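For reference, the structure is listed below as structure tokens.
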Amino acid sequence: MKVLKFGGTSVGSAQRMKEVAKLITGSRNIIVLSAMSGTTNSLVEISEYLYKKNPDGANEIINQLAQKYDRHIDELYSTEEYKQKAREYVKSHFDYIRSFTKDLFTLFEEKIILAQGELISTGMMNFYLNEIGVKSVLIPALDYMRTDKNAEPDPVYIKEKLFKLLAEHDDAELFITQGYICRNAYGEIDNLQRGGSDYSASLIGAAIGAEEIQIWTDIDGMHNNDPRFVEGTTPVRHLHFEEAAELAYFGAKILHPTCILPAKLNNIPVRLLNTMQPDAPGTLISNQTEKGKIKAVAAKDNITAIKIKSGRMLLATGFLRKVFEIFENYQTPIDMVTTSEVGVSVTIDNRKHLDEIVDDLKKYGTVSVDHDMVIICVVGDLEWDNIGFESRIVEAMHDVPVRMISYGGSNYNVSLLVKAEDKRKALRELSDHLFNNKK
């Protein structure tokens with residue numbers, strides 16, 4: 001059994017839903033769906049009006065969204081019977097959303113409202129499959145997907161409840177379920193955060209020991225560079241899980257950084273596919289490494305570099321611990337680290353507590369800050385004994401000022417810090433040197 005996840009764009013219209021239906025019929029798999037594109041943003045906007053105690057503003061957005069779904073229903077179903085079923089189903093969810101315009105509104109109610117997008121899209125898809133003669137069954141994510149008291153997925157609970165639900169429908173041809181949404185340890189409706197539908201698919205795949213997890217989007221897999229800045233990029237056909245995680249973290253938006261961890265731990269391959277080009281091979285992510293090959297380049301924007309210089313650092317035990325504790329105290333993760341005898345440089349992507357962090361760091365040395373920086377990440381089989389890779393990367397940057405270089409923390413990436421204004425040039429030069437053989 002496979003797990004197939006389709007994002008919001010893939011189910012963003014009646015026609016897209018019909019195309020997805022063609023892709024998923026014929027095999028007994030679990031289908032994970034996001035909300036239709038634009039829906040979650042509208043639900044967030046509705047919540048914002050309710051936080052501001054403006055029920056009229058919320059109802060206006062609700063009415064606009066309901067009208068949009070009415071049009072989808074007319075286009076999706078061919079029989080009056082199923083049009084009526086879908087209208088009643090969708091109306092019940094919008095009536096439920098409207099019920100929150102009358103009472104106190106908190107984060108708890110917001111999470112309930114945000115869950116409605118996935119509940120609506122999966123219900124509509126299940127009705128359509130039934131209408132065309134497919135024996136599909138809707139299995140509610142809220143009945144098996146749960147997080148623990150640390151807001152981490154509870155794999156034992158998920159596996160137990162999911163197997164029970166699947167066993168109740170032994171004759172089903174397809175199982176339809178929601179991505180993103182779950183219940184927390186207290187039984188309240190919650191979610192797995194943005195990108196959570198990919199995470200849902202990975203957790204489900206791990207729970208059932210799936211043959212493969214497929215992530216269907218509107219892009220033909222991960223590319224070897226950012227096509228917005230570099231011409232002639234090509235899809236990477238195979239990635240190791242570590243390579244994919246690095247690319248996802250450093251800017252490849254097609255995949256959420258944490259979503260593939262359950263698949264990796266359970267040795268389940270993940271395939272990235274394109275609903276617009278279903279015959280394209282996409283990108284396969286597994287625990288297999290292609291030896292001696294650089295795969296891709298990605299960039300992470302809005303980086304701030306902080307340098308702490310101190311003569312007292314020389315041979316001073318505990319210096320680094322004190323520095324890192326400051327970032328921990330302000331719950332600010334560090335991306336890159338480089339050190340010397342008299343200083344340490346780090347990068348962060350969250351500037352919320354920058355002033356307080358800099359103020360505290362000044363207790364230990366002279367502090368300087370560089371804003372508007374970008375981390376360029378080169379990913380591949382970069383074991384230290386693969387002679388020449390580092391020199392090729394550095395040579396590509398011979399005309400680009402590099403603030404920091406980080407290598408050795410991982411066997412799969414080299415990270416370079418450059419000014420935002422040099423990002424485009426850096427990406428192009430790396431493509432020319434590493435992939436296009438122009439240099």
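The values are calculated or read from the model by the stated rules, or taken from the named source; none is laboratory data. None of the values given here were measured: they were computed from a predicted structure. Cβ: placed from backbone, ideal geometry, glycine included. Neighbour counts: every protein chain shown. What goes into the accessible areas is simple: the full protein's heavy atoms, side chains included, and nothing from ligands, DNA or RNA. Shrake-Rupley method; radii C 1.70, N 1.55, O 1.52, S 1.80 Å.
The table that follows gives values for the structure above.
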read-out: Tail fraction, Cα-Cα pairs, the chain, threshold 35 Å, whole percent; value: 40
read-out: Rotationally averaged projected area of segment 83-185 (alpha carbon convex hull; nm²); value: 7.5
read-out: Net dipole in debye of the chain [+1 Lys, Arg Cβ; -1 Asp, Glu Cβ; about Cα centre; nearest 20]; value: 440
read-out: Scattering curve values for segment 286-403, log₁₀ I(q)/I(0), Debye with Cα scatterers, q = 0.13, 0.19 Å⁻¹; value: -0.65, -1.06
read-out: Listed residue (T233, T339, F127) projecting farthest to the positive dipole end of the chain, Cβ model; value: T339
read-out: Relative contact order, percent, segment 195-271 [alpha-carbon distance under 8 Å, six or more residues apart]; value: 47
read-out: Whole-percent carbon and sulfur share, accessible surface of segment 294-423, 1.4 Å; value: 47
read-out: Residues of type lysines that K159 reaches as a straight line, Cα spacing below 16 Å, ignoring anything fewer than 8 places off in the same chain; value: K2
read-out: Segment 1-101 - convex hull of the alpha-carbon atoms, volume per residue in Å³; value: 107
read-out: For segment 337-438, alpha-carbon Rg and Dmax in angstrom; value: 15.6, 49
read-out: Rounded to whole Hz, the Karplus (6.51, -1.76, 1.60) HN-Hα couplings of segment 131-148, x for glycine and proline; value: 5, 8, x, 8, 7, 9, 10, 8, 10, x, 4, 5, 8, 9, 8, 9, 9, 8
read-out: Tail beyond 23 Å, pair distance distribution of segment 22-156 (Cα, percent); value: 42
read-out: Heavy-atom accessible area per residue - segment 160-227, 1.4 Å, Å²; value: 38
read-out: 30 Å Cα cut-off, lysine pairs counted over segment 6-78 (separation 8 or more, or different chains); value: 4
read-out: Residues of type aspartates and glutamates that K291 reaches as a straight line, Cα spacing below 20 Å, ignoring anything fewer than 8 places off in the same chain; value: E242, E243, E246, D381, E383, D385, E390
read-out: Nearby lysines by direct alpha-carbon distance to K362 (threshold 29 angstrom, same-chain neighbours under 8 apart not counted); value: K300, K307, K309, K322, K352, K419
read-out: Antiparallel bridges, percent of DSSP beta bridges restricted to the chain (to nearest 5); value: 60
read-out: Amide H contacts of I176 (H built 1.01 Å from N, under 5 Å, at least 5 apart or other chain); value: I31, V137, L138, I139
read-out: Of I73, I208, T366, farthest towards positive along the dipole that unit charges on Lys, Arg, Asp, Glu beta carbons give the chain; value: T366
read-out: D370 versus R321: modelled label distance in nm, points set 7 Å from Cα along the beta carbon direction; value: 3.0
read-out: Relative contact order for the chain, counting Cα pairs under 8 Å that sit 6 or more residues apart, in percent; value: 13
read-out: Surface/4 of the Cα convex hull for segment 226-358, nm²; value: 11.6
read-out: Amide H contacts of R183 (H built 1.01 Å from N, under 5 Å, at least 5 apart or other chain); value: M145, R146, T147, D190
read-out: Segment 270-341 - Rg (one decimal) and Dmax (whole number), Cα, Å; value: 20.7, 61
read-out: V236 long-range amide H proximity, modeled H, under 5 Å; value: M222, H223, N224
read-out: Taking N as its residue count, the alpha carbon Rg of segment 152-192 over 2.2 N^0.38 Å; value: 1.31
